[in-house]
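Engineer: Before I ask anything, let me first share the structure, which is written out below as structure tokens.
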Amino acid sequence: MLLAIDTSAGTSVAVVDRDGGVLAERTEPDTMRHAEVVGELIEAVLRESGVAVAALSGVVAGMGPGPFTGLRVGIAAAKAFAFGAGKPLVPVVSHDAVAFERYAAGHEGPLLVVTDARRRELYWSTYTGVDDAGLPIRSDGPGLSRPDRLPETDPTQPDPARVDARIVSAGSLGMLAELLYANGRPFAADEPLYLRSPDVTLSSGPKRVSA
């Protein structure tokens, strides 16, 4: 069983089991309240699922892409919980979870997953379908661009169905992690996918003070 956390868009937390599916999931779509609600949602899904921390086999972190401030809240929460519980951290690309959910629901063919990057920009990833294990095949991305500069479609292929995700389901994130592990596939790199520099940066040198 896994605890899954994603704050790449809104905030979503779930407890999942490879055989039992999504045991409990809570979401908060407000993109400005990640730090306020993530702890409450973790407590809620553990209580609702009846799963003890000791019974978890790992903690899944949605690695984005996502805005710096929001994304780091979920990753920090996942790492802190994993460290405190003595469980491994399982990094998963958030867009892959959106694609996994859509394909699991019966979609076939190409897919364009889009999430809000703010500043009038979008995060995007493209997929061609699923492999023999039902895992989404990402063909490009994650990337960052203006809405009018999203990836051009291949004229020899059908246009991809576009999914504008307002929230990334932690339930789907966790079930994707379970399927990756069951099929011996690698997880994502343990690196947040911010795709742009943070708004605030540290000065590279001493600050000058004038009289």
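The values are calculated or read from the model by the stated rules, or taken from the named source; none is laboratory data. Source: prediction; values computed, not measured. Neighbour counts are summed over all protein chains in view; Cβ atoms, including those assigned to glycine, are modelled from backbone coordinates with ideal geometry.
Engineer: Out of VAL92, VAL73, VAL53, report the one residue that is modelled with pLDDT of 95 or more, touching a Gly at 6+ places or on another chain (Cβ under 7 Å) and among the β-branched types (Val, Ile, Thr).
Structural biologist: So the residue among VAL92, VAL73, VAL53 that is modelled with pLDDT of 95 or more, touching a Gly at 6+ places or on another chain (Cβ under 7 Å) and among the β-branched types (Val, Ile, Thr) is VAL92.
Here's the yes/no breakdown for (1) modelled with pLDDT of 90 or more; (2) buried (at least 17 other Cβ atoms within 10 Å of the Cβ); (3) over 20 Å from GLY10 (Cβ atoms):
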| residue | (1), (2), (3) |
| --- | --- |
| GLY141 | yes, yes, yes |
| THR153 | no, no, yes |
| ARG166 | yes, no, no |
| ALA170 | yes, yes, no |
| LEU176 | yes, yes, no |
| LEU180 | yes, yes, yes |
| ASP190 | yes, no, yes |
| TYR194 | yes, yes, no |
